[in-house]
Amino acid sequence: MQEFLYSDLKRCAETLRKQNRFEEAAKWYLRLLHEYPDQCDVWVYWGAATSFVKLKRYREAIMVCTTAQKIYPGNIYIYNVCSWAVFHAIIKKLNVHSLHKIYKAAKFIFKYCPDISPANPRMPTLLEVMKYVDQQQIAYPEFLVQAAESVDIKLLSDRPTSFKSHNNVLSIASELEQYLSCMIDLYFDQKKWDACVEYCDKALTSITSPHYNNRIWWTRTKALALVEMNEDDTAIRLLSDILQQKKEWFLFGDLAHVYYKIEQYGKSLDLALEAVLSNGTPKMKVNLYLLLAKCFEKNEIYAPIPDTLALAVSIRKHNQWNVPPALLKISLRWQVFDVAPEDSTGLLKRCLPIWRRLWSERQQWAFGTISFLFEHGNAGFILRDTSRQSYYFKTEDFKGPLSKLKANTPVRFLLKEGFDKKKNIPTTVAFHIIPLSATPSTGVDPITTN
């Protein structure tokens, strides 16, 4: 009679689980485990743990698996479901657990899920922990490096995951794209420049439609690695190409550092000024301020150096960061002493007008007249005074009052390389357009402020 009851209860629990009625199934499995502990086979424990995982009751799943592992040591099915429970309980909630607990959970999963498969959490665990280590800016543990380097990329899916959110279809990077991005970060962090460039190339060639502007970041990382390998010309070309697509202060800063390295100090100064005057958080530019001061020194522009150095020191003190030897050395040389943490705001206000004036004085300005604006108001053309040649411009590059954004307004402007998508050819376009009446008599250029 007891045997009949056990079989009947087990059959009922299994039927409910297969019907995805996990709440009810879990109750029957628990009754089996409590009332018939000596008769329960491995599938009862597995069914109970699986039901708890589906219900997101991961702690209970782990407890069931812990008991099962003592009775059925080495059973791959128990370890598999336990790995999923550990993954959801710890790996998916990295920010609420200690680093020791995260590493212990990852090691458990790697041990009992030795092969990459959609049926186990080995690959999701590897990706999540690698991203976490990179975000926390801590050293990669050896066990994680070994797990990452043992991956056969042929086993990884290259298909992005799509899902709907608020009637929008969103896409998540494929397993392969995520892995390649993690390996690029790993090798860059470890200063393994050859391997970093190799994985950048793998990503750039194998991922046809990258997510999150990854193509730009991979190219930038490759360029920075090439700088470390003294392949400066290639790095400059790559960084210049990126700047055609994305105007960000740190990209100007990257190029400024490379030009300083190869002793082209005038070009470095131009780019450093562009970087410090572009939108961005001042504390993120703290190393850039040091570079700018060094550029001033090399170009024999001495007046702005003390305040520029003081700004870098003040920001570091305000954020309780160490003052690096290079900054300390040049600060002592320029007698920058007793800088208070709260001085940074006032120093920045003093520096910005000077930087803007210097930037403006170093530009090769062209002069002309707005000759045409499109009806949509997003772009137009400027007719240059000297050559009578027309240049395309976007209205977002107009640096004056909107009342002046109209035909026949005289302007000064800069020229840069662009690309005509309709004709599919390189071209020259106008940018940083300033109505002449908006230019102060002092010569201070109204460049975009931080």
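The values are calculated or read from the model by the stated rules, or taken from the named source; none is laboratory data. Please read these numbers as outputs of a predicted model, since none were measured by experiment. Note that we place each Cβ from the backbone using ideal geometry, even for glycine, and neighbour counts take in every protein chain shown.
If you take the residues of region 138-161 that are assigned to a loop (DSSP other than H, G, I, E, B) and farther than 27 Å from S171 by Cα, which of them is farthest from the chain's Cα centre (by Cα)?
Filtering region 138-161 for residues that are assigned to a loop (DSSP other than H, G, I, E, B) and farther than 27 Å from S171 by Cα, the one farthest from the chain's Cα centre (by Cα) comes out as S150.
Determine if region 380-391 includes at least one residue that is closer than 15 Å to G418 by Cβ, in contact with a helix residue (DSSP H, G or I) (Cβ under 8 Å, 6 or more places away or on another chain) and outside the structural domain of A310 (by TED's automatic domain parsing).
yes
Report yes if some residue within region 207-219 is touching a strand residue (DSSP E or B) at 6+ places or on another chain (Cβ under 7 Å) and over 15 Å from F188 (Cβ atoms); otherwise report no.
We begin by selecting, within region 207-219, every residue touching a strand residue (DSSP E or B) at 6+ places or on another chain (Cβ under 7 Å); these are 211.
With the extra rule that they be over 15 Å from F188 (Cβ atoms), the set shrinks to 211.
Within region 207-219, one or more residues are touching a strand residue (DSSP E or B) at 6+ places or on another chain (Cβ under 7 Å) and over 15 Å from F188 (Cβ atoms).
Please work out which one of (1) in contact (Cβ under 8 Å) with a residue 40 or more places away in the chain; (2) polar (S, T, N, Q); (3) surrounded by fewer than 17 Cβ atoms within 10 Å (Cβ to Cβ) is the condition N213 fails and give its number.
(1)
Select, from N299, N279, the only residue that is under 18 Å from S344 (Cα atoms) and either small (G, A, S) or touching a residue at least 12 places away in the same chain (Cβ under 8 Å) (or both).
The match here is N279.
Quick one: is I242 farther than 20 Å from L155 by Cα, under 14 Å from the mean Cα position of the chain (by Cα) and of a type in the set (V, I, T)?
Numbers: farther than 20 Å from L155 by Cα: yes; under 14 Å from the mean Cα position of the chain (by Cα): no; of a type in the set (V, I, T): yes.
Answer is no for this residue.
Quick check on this structure: which one of K93, K131 is within 17 Å of F52 (Cβ to Cβ) and surrounded by fewer than 20 Cβ atoms within 10 Å (Cβ to Cβ)? Explain how you work it out, then say what you get.
Working: K131 fails: within 17 Å of F52 (Cβ to Cβ).
Residue meeting the stated conditions: K93.
Of everything in region 162-192, what is assigned to a helix (DSSP H, G or I) and under 25 Å from Q244 (Cβ atoms)? Give them in sequence order.
E177, L180, S181, I184, D185, F188
Matching residues to (1) under 30 Å from D307 (Cα atoms); (2) among the charged types (D, E, K, R):
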site: F337; (1), (2): yes, no
site: R356; (1), (2): yes, yes
site: Q364; (1), (2): yes, no
site: G368; (1), (2): no, no
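Give me the strands (runs of 3 or more DSSP E) completely within region 335-448, filtered to those with at least 1 residues that are of a type in the set (D, E, K, R) and farther than 24 Å from A275 by Cα, ordered by residue number. Walk me through how you get there before you give the answer.
On the way: elements: 366-373, 379-384, 390-394, 410-420, 425-435.
In region 335-448, 379-384, 410-420 are the strands (runs of 3 or more DSSP E) which contain 1 or more residues that are of a type in the set (D, E, K, R) and farther than 24 Å from A275 by Cα.
When Q389 is evaluated against the numbered criteria (1) farther than 27 Å from L243 by Cβ; (2) out of contact with any strand residue (DSSP E or B) (no Cβ under 7 Å at 6 or more places or on another chain); (3) at pLDDT 95 or above, which criterion, by number, is the only one it fails?
So the condition that Q389 fails would be (1).
What is the residue count in region 316-334 for residues that are polar (S, T, N, Q), in contact with a helix residue (DSSP H, G or I) (Cβ under 8 Å, 6 or more places away or on another chain) and part of a loop (DSSP other than H, G, I, E, B)?
Residues that pass the stated criteria total 2.
Check L16, L9, L5 and return the single one that is among the hydrophobic types (A, V, I, L, M, F, W, C), in contact with an Asp or Glu (Cβ under 7 Å, 6 or more places away or on another chain) and either farther than 21 Å from W84 by Cα or buried (at least 16 other Cβ atoms within 10 Å of the Cβ) (or both). Explain how you work it out, then say what you get.
Values: L9 fails: in contact with an Asp or Glu (Cβ under 7 Å, 6 or more places away or on another chain); L5 fails: in contact with an Asp or Glu (Cβ under 7 Å, 6 or more places away or on another chain).
Exactly one of L16, L9, L5 is among the hydrophobic types (A, V, I, L, M, F, W, C), in contact with an Asp or Glu (Cβ under 7 Å, 6 or more places away or on another chain) and either farther than 21 Å from W84 by Cα or buried (at least 16 other Cβ atoms within 10 Å of the Cβ) (or both), namely L16.
Six or more apart or on different chains, Cβ under 8 Å: which pairs go from a residue in region 337-351 that's assigned by TED's automatic domain parsing to the domain that holds S314 to one that's at pLDDT below 95 and outside any helix (DSSP H, G or I)? Could you list them?
Between residues of region 337-351 that are assigned by TED's automatic domain parsing to the domain that holds S314 and residues that are at pLDDT below 95 and outside any helix (DSSP H, G or I), the close pairs are L348/N450.
All but one of (1) of a type outside the set (S, T, N, Q); (2) closer than 24 Å to L226 by Cβ; (3) surrounded by fewer than 21 Cβ atoms within 10 Å (Cβ to Cβ) hold for V169, so report the exception by its number.
Unmet condition: (2).
Mind listing whichever residues of region 243-256 are surrounded by fewer than 21 Cβ atoms within 10 Å (Cβ to Cβ) and either at pLDDT 95 or above or not in a helix (DSSP H, G or I) (or both)?
Matches in region 243-256: K246, K247, E248, W249, F250.
If I filter region 195-241 down to residues being assigned to a loop (DSSP other than H, G, I, E, B) and among the polar types (S, T, N, Q), which single residue comes out as nearest to E417 (Cα to Cα)?
Here the answer is N213.
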